[in-house]
Amino acid sequence: MARRWNTADRGRLEPRMATLGLIGSGNIGSTLARLAVDAGLDVVLSNSRGPETLDTLVAELGPRARAATPAEAAAAGDWVVATIPLGNYRDLPAEALAGKVVLDTLNYYPQRDGVFPALEAEQATTSGLVQEHLSGSRVVKAFNNIYFKHLLALARPAGSPDRSALPIAGEDPAARASATRLLDLLGYDAVDAGELAESWRFQRDTPVYVLPYAENPAGPGGLAEDPGAVADAATVRAALAKAARPAGSAG
């Protein structure tokens, strides 16, 4: 279970309470919602099935949370997390997300998403596709490389000696700084991997994907029963540096 703390432990929030919008409320989305509420943020959740399907989760999260449509969650968020299957990325409401910092958690699973030739050839990145669709937004890759139970369990206040780090990437330095602020509020340090072209370094099956945050993923119960392990900024940087792509590929 995540360690809970008061917002005073995180440092002062903005004078107007900040809001996290979520497009997608599955394992990652609902986990981020819990961390955000713990941090004193307001949360607007959405999914593809309608706000009424989120009543139970909203009730669990309490008065800081409400459900809405994806466009409404996009409009409400100071940050907006897109956490839907990659195959549906064109459903993200581009107009409502214009001008927003959009944190993209999307990973590519061909058996679920269909085959993307450019991704198969490693000539594009998932976040590059999202940024192309959301041309008026500032996309930052984040939260895609950690198992959702570990995301909840490893969150720690700023300054904790056992704080973990997550990689981010984005075209806009100010957007990366904004994403770093959000990660800090939610309990994580950020490792800046650079522009979106570098986001392949923490996509699926790279050295920093899932395993650095697991204590013994091959043990009984696998990841579902794994308590998680601290992966600090140095560990994440080292894993990013180990990532390799075939010669001639581009992202």
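Among the residues of the stretch 199-216, the one identified as free of Cβ contacts under 8 Å to residues at least 60 places away in the same chain, within 19 Å of LEU152 (Cβ to Cβ) and in contact with a helix residue (DSSP H, G or I) (Cβ under 7 Å, 6 or more places away or on another chain) is PRO212. If only residues of the stretch 181-213 that are of a type in the set (Asp, Glu) and outside any helix (DSSP H, G or I) are counted, the one that is farthest from THR125 (Cα to Cα) is ASP189. Candidates in the stretch 137-182 are the residues that are among the aliphatic types (A, V, I, L, M) and surrounded by fewer than 23 Cβ atoms within 10 Å (Cβ to Cβ); of these, the one that is farthest from LEU211 (Cα to Cα) is ALA174. For residues that are basic (Lys, Arg) and either open to solvent by less than 10 Å² (accessible area, probe 1.4 Å) or over 14 Å from ASN145 (Cβ atoms) (or both), tally how many sit in the stretch 228-245. Adding up the residues that qualify gives 1.
For the stretch 82-90, indicate whether the set of residues that are farther than 15 Å from LYS141 by Cα and not in a helix (DSSP H, G or I) is non-empty.
The answer is no, given that none of the residues of the stretch 82-90 is farther than 15 Å from LYS141 by Cα and not in a helix (DSSP H, G or I).
Of all residues in the stretch 159-173, none satisfies being more than 24 Å from ALA229 (Cα to Cα), part of a helix (DSSP H, G or I) and of a type in the set (D, E, K, R). Being in a strand (DSSP E or B) and open to solvent by less than 10 Å² (accessible area, probe 1.4 Å) is the filter; apply it to the stretch 24-49 and report the residue that is nearest to ARG156 (Cα to Cα). Ranking the candidates gives VAL43 first.
The values are calculated or read from the model by the stated rules, or taken from the named source; none is laboratory data. What you are looking at is a predicted structure, and each value in this text was computed from that prediction instead of being measured. A quick note on method: Cβ atoms are made from the backbone with ideal geometry, for glycine too, and the neighbour counts reach across all protein chains shown. When the accessible area is computed, the model is the full protein with side chains, heavy atoms only, and any ligands, DNA or RNA have been set aside. Shrake-Rupley method; radii C 1.70, N 1.55, O 1.52, S 1.80 Å.
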